[in-house]
Amino acid sequence: MPLTRRELLALAASAGLAGCSSSTEPPAAAPTTLTSSAVTPSASGTPRSESSSPSAPATAHRPAPEVGHGRRTSTAVALTFHGAGPASIARDVLRELRRDDVHATVLAVGTWLDEEPAVARQVLDEGHDLGNHTQHHLPMRGLRAATAFREVHDCAQRLRRLTGSTGEWFRASGTQHTTPVIRAAAGRAGYAQCLSYDVDSLDWTDPGPDAVVRAVLDQTRKGSIISLHLGHSGTVRALSAVLDGLRSLGLRPGSVSELFA
């Protein structure tokens with residue numbers, strides 16, 4: 001089903017939206033804290049119901065709860081990257097992670113998967129998680145239910161065609177926190193959780209690497225999920241210091257799957 005004129009306008013407006021949080025967002029209910037026993041992917045690591053389609057009944061699945069961090073008793077923390085932007089910068093991020101022997105979780109935009117399938121394959125080949133960050137990176141809080149579902153579903157299908165799996169993790173676009181419409185769309189598309197975060201690095205505002213390092217280290221606690229972006233050169237320059245700083249705090253950076261293992 002094609003996008004309506006209103007939705008196309010929203011897409012155009014979101015083309016310059018680099019980050020997924022806003023200081024004007026209304027407060028959301030406290031996100032769920034997951035323990036390893038609460039994570040419910042299938043045995044293959046693929047979310048439930050890969051075969052969901054835009055015509056599937058909305059009641060086929062329960063809404064996917066929002067998860068904002070892991071156990072506060074764990075020294076593990078998760079590095080998550082919004083997957084979009086130049087392939088060269090993404091490869092630089094992957095190089096820094098490889099140098100420090102750290103895994104991360106990349107939530108990919110579907111249009112980026114179309115443009116950079118080799119980078120997406122590299123993410124998986126190097127042991128990182130690859131998940132869903134919607135097809136067009138629309139601001140999801142304003143979408144109708146059918147469009148929200150299509151955004152999640154279409155990216156999931158691209159992931160499945162590219163990698164054989166829709167990926168375990170979904171993150172909404174254009175917002176840090178989800179709404180009932182977003183959670184329903186994610187569950188209907190087969191995802192067990194909506195992955196939020198409790199640490200915004202603000203790297204998408206390009207404040208410089210020192211500011212990114214401070215933002216991460218000032219906010220991160222045990223069990224935190226950290227939001228970063230592949231498409232910003234300042235993130236590359238900050239990453240080594242971020243990893244060193246987290247370790248100096250007694251924390252173990254890794255992927256979301258490792259956080260909830």
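Brief remarks on what is shown
- Scan of the range 205-222 for residues that are β-branched (V, I, T) and either in a helix (DSSP H, G or I) or more than 21 Å from R252 (Cα to Cα) (or both), ordered by number: T205, V212, V213, V216
- Residues located in the range 142-175, provided they are in contact with a strand residue (DSSP E or B) (Cβ under 9 Å, 6 or more places away or on another chain) and not in a helix (DSSP H, G or I): S165, T166, G167, E168, W169, F170, R171, A172, S173
- Qualifying positions in the range 201-236 - closer than 15 Å to T80 by Cβ, out of contact with any helix residue (DSSP H, G or I) (no Cβ under 7 Å at 6 or more places or on another chain), in contact (Cβ under 8 Å) with a residue 60 or more places away in the chain and open to solvent by 20 Å² or more (accessible area, probe 1.4 Å): W204
- Only a single criterion out of (1) out of contact with any Gly (no Cβ under 9 Å at 6 or more places or on another chain); (2) without any contact (Cβ under 8 Å) to a residue 40 or more places away in the chain; (3) assigned to a loop (DSSP other than H, G, I, E, B) is not satisfied by T178, namely (2).
- Residue check, L243 at pLDDT 95 or above and either open to solvent by 10 Å² or more (accessible area, probe 1.4 Å) or in contact with a helix residue (DSSP H, G or I) (Cβ under 6 Å, 6 or more places away or on another chain) (or both): no
- For the range 87-130, a residue qualifies if it is part of a strand (DSSP E or B) and in contact with a helix residue (DSSP H, G or I) (Cβ under 8 Å, 6 or more places away or on another chain), and the qualifying residues are T105, V106, A108, D129, L130.
- Every listed requirement among (1) touching a Ser or Thr at 6+ places or on another chain (Cβ under 8 Å); (2) modelled with pLDDT of 55 or more; (3) open to solvent by 30 Å² or more (accessible area, probe 1.4 Å); (4) under 23 Å from G190 (Cβ atoms) is met by S44 save one, (2).
The values are calculated or read from the model by the stated rules, or taken from the named source; none is laboratory data. Since this is a predicted model, take the numbers as computed values, not measurements. FYI the Cβ positions are ideal-geometry reconstructions off the backbone, even for glycines, and counts take in every protein chain you see. We work out accessible area using only protein heavy atoms, side chains counted, and drop any ligands, DNA or RNA first. Shrake-Rupley method; radii C 1.70, N 1.55, O 1.52, S 1.80 Å.
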